[in-house]
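Have a look at the structure below, then the notes.
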């Protein structure tokens, strides 16, 4: 876990980012140094500070400068945790990737992150699952989407494990 960067100043930080993107080429090391040394709560406000200072969208400017996995990583680092989880859930569902639920660090975040999915993408997690899956897999994922605490998730895993073992034994 990153601790707060002492003396971090969003206005100074966006200057560093702007300078890293200005001119010919991109100073990726400056971006890595800045974002890699700040915890999430100091990175997320950089989007608003950049907009206020330069009248431009930081995410759009970074997208125009970066490519590939590095671009994905940098953009992910600028998302609030709940928005990151919502976008990952959406991606997992939209590409029909066999996903397993994320195990969140604290129970209280589980519901709020699913709610962000609903707010950000205009439909509930259950609706998204139902629209893109079918059969037993759909039932499994819909059941998982109803989990409200980490302890319920572990109980569900236990029941699922027993069910799978019994199914494989017969």
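The values are calculated or read from the model by the stated rules, or taken from the named source; none is laboratory data. Keep in mind it's a predicted model, so treat the numbers as computed, not measured. Every residue, glycine as well, gets a Cβ built from its backbone with ideal geometry; the counts of neighbours run over all protein chains shown.
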Seminar exercise, completed: Exactly one of 61, 4, 27 is farther than 21 Å from residue 88 by Cβ, in contact with a helix residue (DSSP H, G or I) (Cβ under 7 Å, 6 or more places away or on another chain), loosely packed, with under 13 Cβ neighbours inside 10 Å and not assigned by TED's automatic domain parsing to the domain that holds residue 87, and that residue is 4
Exercise. Of the residues 3, 14, which single one is part of a helix (DSSP H, G or I) and either touching a residue at least 24 places away in the same chain (Cβ under 8 Å) or closer than 16 Å to residue 70 by Cα (or both)?
Worked result: 14
